[in-house]
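Colleague: Below: one structure in structure tokens.
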Amino acid sequence: MNILVLHGPNLNLLGKRQPEIYGHQTLNDINAALDQFVASLSINVVLKIKQSNHEGELVSIIGHHMEWADGILINPAAYTHTSIAIRDALTTVDVPIVEIHLSNIYAREEFRHHSFISGVAAGVVSGFGAYSYILGLQAMIHILGPNTTENLEQ
């Protein structure tokens, strides 16, 4: 199963940007944890991990991987609350989407409470720091192959 992992704007600054909200782990730490988790599975999961600070580039990445991806794990970051373009790109791809957030967006500023992405996502994982990605990946694997749940135990 092929899973596209997309990191939105400013996530390349993790570990330095507001660690009291986003934690001390870097984006490389999160990507390494995802790779390590996948390596521990007894099923074949291939990740392609991309990050961009540019809305149009994220849209292009989604379109470029339409035929490859079986599922998309996305942390749209600030674009969660502003990007109809990313939402439209995700609706074009006929695969499950899991939306990820490091912080609990519903416990933050009012403008962060609305997501343009969650309406097209199978589910949202929010508020568990870097572990949100592992939880989202577990959910995606379950969605794509319900018989694989026993392979997700750590």
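Colleague: For residues in the stretch 82-126 being among the hydroxyl-bearing types (S, T, Y) and surrounded by 19 or more Cβ atoms within 10 Å (Cβ to Cβ), which is farthest from L144 (Cα to Cα)?
Modeller: Applying the first criterion (among the hydroxyl-bearing types (S, T, Y)) to the stretch 82-126 yields 82-83, 91-92, 103, 106, 115, 118, 126.
So of that shortlist, the ones also surrounded by 19 or more Cβ atoms within 10 Å (Cβ to Cβ) come out as 83, 115, 126.
Values: S83: 26, S115: 23, S126: 20 Å.
Checked the stretch 82-126; the qualifying residue farthest from L144 (Cα to Cα) is S83.
Colleague: For the stretch 62-81, how many residues meet the condition of being surrounded by fewer than 21 Cβ atoms within 10 Å (Cβ to Cβ) and in a strand (DSSP E or B)?
Modeller: 0
Colleague: Mind counting the residues in the stretch 36-61 that are open to solvent by 30 Å² or more (accessible area, probe 1.4 Å), more than 14 Å from the chain's Cα centre (by Cα) and of a type outside the set (V, I, T)?
Modeller: Selection size over the stretch 36-61: 11.
Colleague: Filter the stretch 23-35 down to the residues that are over 16 Å from the mean Cα position of the chain (by Cα) and either free of Cβ contacts under 8 Å to residues at least 12 places away in the same chain or surrounded by fewer than 16 Cβ atoms within 10 Å (Cβ to Cβ) (or both) and list them by number.
Modeller: Within the stretch 23-35, just H24 meets the criteria.
Colleague: Still on this model: What's the number of the condition K50 fails, among (1) at pLDDT 95 or above; (2) assigned to a helix (DSSP H, G or I)?
Modeller: Every condition holds for K50 apart from (2).
Colleague: Give D94, D88 a once-over and let me know the one that is among the charged types (D, E, K, R), out of contact with any His (no Cβ under 7 Å at 6 or more places or on another chain) and in a helix (DSSP H, G or I).
Modeller: Answer to the check: D88.
Colleague: If a residue has to be touching a strand residue (DSSP E or B) at 6+ places or on another chain (Cβ under 8 Å) and in contact (Cβ under 8 Å) with a residue 24 or more places away in the chain to count, how many in the stretch 88-117 make the cut? Quick ask: steps written out before the conclusion?
Modeller: First, pick out the residues of the stretch 88-117 that are touching a strand residue (DSSP E or B) at 6+ places or on another chain (Cβ under 8 Å): 90, 93, 95-106, 115, 117.
Keeping just the survivors that are in contact (Cβ under 8 Å) with a residue 24 or more places away in the chain gives 90, 93, 95-103, 105, 115, 117.
Residues meeting the conditions: 14.
Colleague: For W68, which of the numbered conditions (1) under 17 Å from L11 (Cβ atoms); (2) touching a residue at least 40 places away in the same chain (Cβ under 8 Å) fails to hold?
Modeller: (1)
The values are calculated or read from the model by the stated rules, or taken from the named source; none is laboratory data. If you're wondering where the values come from, they're calculated on a predicted model, not measured in any experiment. Glycine gets a Cβ as well: all are built from the backbone with ideal geometry, and neighbour counts include every protein chain shown. Surface areas here come from the heavy atoms of the whole protein model, side chains and all, with no ligands, DNA or RNA. Shrake-Rupley method; radii C 1.70, N 1.55, O 1.52, S 1.80 Å.
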